[in-house]
Amino acid sequence: MKPNEQGFSLIEMLLSVVIISMLTVLSLPLYVSFSNRNDTDVNTENIASMLRRAQVYARGMNYDSAWGVHVQTGSATLFKGTTYASRDTAYDETTTIPGHIAVSGLADVSFSKLVAVPSTTGSVTLTANNNETRTITLNAEGMVSY
């Protein structure tokens, strides 16, 4: 090798690879935690938005019908009708909930047309696999909070 040639030695390259690998391994749990928290927040907002939209549709007598929301692990559905079982499937709006988020609590709620009073009150709880928990509450007047 000529004295004025510059380059990296094998040890310098290996040291760089080891440092980058260690940074990656150390930051992975942070990324997973952030991703779970973000998924939980986004899905909480989506379900709360569906509940509010169902209430607005019912109050506005959209298609002269009651509207509701059905929530289960894996999905949430905005539906037209008084119950999920007797809904008009042509108007369903479904959003997917990731598999690492468990849903518990209130499963079905519908809002009566014109007055938009909820058929039931309670809460929906979303829990990620890292125990991040969000709760959406629906009161007797139809107020949605989370």
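Per-structure values
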read-out: Residues located in segment 89-130, provided they are in contact with a helix residue (DSSP H, G or I) (Cβ under 9 Å, 6 or more places away or on another chain) and assigned to a loop (DSSP other than H, G, I, E, B); value: I97, P98, H100, S112, K113, L114, V115, A116, V117, N129, N130
read-out: Near pairs, Cβ below 6 angstrom, 6+ apart or cross-chain, from segment 52-80 (part of a strand (DSSP E or B) and at pLDDT 95 or above) to any residue that is β-branched (V, I, T) and surrounded by fewer than 18 Cβ atoms within 10 Å (Cβ to Cβ); value: S75/T94; S75/T96; A76/T95; T77/T94
read-out: Selection status of T40, in a helix (DSSP H, G or I), crowded, with 18+ Cβ neighbours inside 10 Å and within 17 Å of the chain's Cα centre (by Cα); value: yes
read-out: Residue match in segment 8-29 (condition: under 14 Å from the mean Cα position of the chain (by Cα) and not aromatic (F, W, Y)); value: no
read-out: Cross-chain or 6+ apart pairs with Cβ under 8 Å, segment 87-101 first and under 14 Å from V42 (Cα atoms) and touching a residue at least 40 places away in the same chain (Cβ under 8 Å), then surrounded by 15 or more Cβ atoms within 10 Å (Cβ to Cβ) and of a type in the set (D, E); value: P98/D39; H100/D39; I101/D39
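The values are calculated or read from the model by the stated rules, or taken from the named source; none is laboratory data. Just so it is clear, the model here is predicted, and its values are computed rather than measured. When we count neighbours, we look across all protein chains shown, and the Cβ atoms used for this are built from the backbone with ideal geometry, even at glycine.
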